[in-house]
């Protein structure tokens, strides 16, 4: 247990506390988007609609923040660990893979927690959005669970093992996924065929669950099953790629 | 006492055979040097022992009741340089991985970084990073230590101190498994040499055994003559020619010198030495023992 706590402490220092610029932009980007799309780029919108939009967009940006932390930060941190030989060092030590990835997940989940709280605070101050503590707790809990799936995607991307490829893949995954899932703009402004694709995406389904919590409407099992299926698929790919890389001796390079 | 058993290890990448039926028993309190040409499979063998890559067939057995990672220390060829982490933090983190670690002060002394403990790892020089890597390999007070090219990047003083420390570790009961391209360093310290060639262990024994098998002595001289002029001399085991500098391995120096007498006018700087691991290995490669 001692090694897990120590590993988590060191991860906090190197990923968050001593990486202030990165931490700042990781948090700032969703906040800037939120202000942009709820305060600046909205005109001639009925007040009643705007009130709902401000709440819904808060959820979208919370999920977007989880994507930045879960996918981009995970992929880049693991890539850095590989390039600095720390990954190899850990593989040779008594620290298990579960402890290594687990401690990193705790840091990333905390990062997303801070992002969600910061976003909600901004929404309350700028748009006078009101959410009860109980609802906020539910929302954040569900998003943090969703973060685990996003972290798995980040881990998978890091297996590309080359900085250029990892950067390319994170951009190819995060931004199209955000757009397709309707996190940046409402999904119904896209063509129907694109909407159909978007609605299969895990981040869209996460936003459906969040919005049901937010508007206190009935939850359906469908979005949860979607997230489970995605988690299973990503985990299966991860397992297979890891096995192939180990077989080829790539883990030591 | 045997600490590690390597049984019938085979490794292939596709159709390419890297290791063929490797069998070894590693005894405690000894220094074992694994040598061979680049690409001979040294690193592959170490990676298989350390479970970093799977073997095609065969078994690795650490003869211990503990988790083998708790009794193993590893210093890999490439240094670990973790960003935004200090020397103090990486030593403390590494200690936390083990059940019975060496003390922080002891590890700091081994690393020689007493005045740099609050420095970031990225700010250390190549030699300092190497010494830190060595200290980290010792963090768990291991029974068996794997060192892959440990002295690369160290200056001669640091290398000397390093091998003294290795000798001290051996005397305290540790087993050291080492690969290095600095063969003259291994020659002075290793108890046992394993020559990896053509995917197999071509030689397993002491330097003395290697010399008696491959030639005890080395005769060196400079000459404008050609290699062919000396090749047919009866007591020549092998010849290595670099520019005009000849190195001849022989088992009978006196006879060879007698044979060289007709050529003495064309020979300068004649020296007789004990054969070195370097020349013996070269001889091994040329003779292509299988």
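Spin-label pair residue B:99-residue B:184: with each label point 7 Å from Cα along the Cα-Cβ axis, the two points sit 4.4 nm from one another.
Across peptide B:82-88, the average count of Cβ atoms from other chains found within 10 Å of a residue's Cβ is 5. Shielding by partners for peptide A:76-89, expressed as the average number of C-beta atoms from other protein chains within 10 Å of each residue's C-beta, is 4. Shape analysis of the range B:1-156 yields a ratio of the Cα radius of gyration to the Kirkwood radius, Rg/Rh, of 1.00. Each label point was placed 7 Å from the Cα along the Cα-to-Cβ direction; for residue A:228 and residue A:215 their separation is 2.5 nm. Ellipsoid fit via the Cα gyration tensor, the protein assembly as shown: semi-axes of 62, 23, 21 Å, each the root of five times an eigenvalue, largest first.
At residue B:241 and residue B:263, where each label point lies 7 Å from the Cα along Cα→Cβ, what is the point-to-point distance in nanometres? With each label placed 7 Å out from Cα toward Cβ, I get 0.9 nm. Percent of Cα pairs in the range A:36-121 per distance bin of 5 Å, from zero to the largest separation: 3, 12, 17, 16, 12, 10, 9, 7, 6, 4, 3, 1, 0.
A full extension of the chain between residue B:28 and residue B:212 corresponds to an added length of 63.7 nm, given 0.36 nm per residue minus the alpha carbon distance. Computed over every Cα-Cα pair of the range B:216-274 and binned at 5 Å starting from 0, the pair-distance distribution P(r) comes out as 4, 21, 38, 29, 8, 0 percent.
Calculated FRET efficiency, residue A:42 to residue A:141, Cβ-Cβ distance, R0 = 35 Å: about 0.75 to the nearest 0.05. With contacts taken as Cα pairs under 8 Å and at least 6 residues apart, chain A reaches a relative contact order of 24 percent. Where the centroid of each part is defined by its Cα atoms, how far is the range A:144-200 from the range B:65-136 in Å? Measuring centre to centre over Cα atoms gives 38 Å.
Take the Kirkwood radius over Cα pairs of chain B, plug it into Stokes-Einstein at 10 °C and 1.306 mPa s, and you get 75 µm²/s for translational diffusion. Dividing the mean sequence gap of close Cα pairs (under 8 Å, 6+ apart) by how many residues the range B:104-212 holds gives a relative contact order of 19 percent. The ranking of B:100, A:162 by Cβ neighbour count inside 10 Å, starting from the fewest, reads B:100, A:162. In terms of other Cβ atoms within 10 Å, B:22, B:248, B:257 run from fewest to most in the order B:257, B:22, B:248. Of all DSSP-defined beta bridges confined to the range B:2-210, some 55% are antiparallel rather than parallel. Take every Cα pair under 8 Å whose residues are at least 6 apart in sequence, average their separation, divide by the length of the range B:216-274, and the relative contact order is 50 percent.
Can you divide the C-alpha Rg of the range A:2-252 by 2.2 N^0.38 Å and report the result to two decimal places? Working it through for the range A:2-252, the quotient is 1.04. In this calculation the C-beta distance from residue B:273 to residue B:78 is compared with R0 = 30 Å, giving a FRET efficiency of 0.30. Counting Cα-Cα pairs of the range A:50-92 in 5 Å increments starting at 0 gives whole-percent bin shares of 6, 21, 15, 12, 12, 9, 8, 7, 5, 4, 1, 0.
Based on Cα atoms of the range B:85-166, Rg over Rh with Rh as the Kirkwood radius reads 0.94.
Taking other C-beta atoms within 10 Å as the exposure proxy, A:230, A:193, A:53 rank A:193, A:53, A:230 from fewest upward. With a Förster radius of 45 Å applied to the C-beta separation of residue B:231 and residue A:250, the computed FRET efficiency comes to 0.50.
With all pairs of different C-alpha atoms in the average, the Kirkwood value for the hydrodynamic radius of the range B:18-70 is 12.7 Å.
Any read-out appearing in this document is the output of simple, stated calculations on the displayed coordinates, not a laboratory observation. Predicted model only: the values in this text are computed from it and were never measured. FYI the Cβ positions are ideal-geometry reconstructions off the backbone, even for glycines, and counts take in every protein chain you see.
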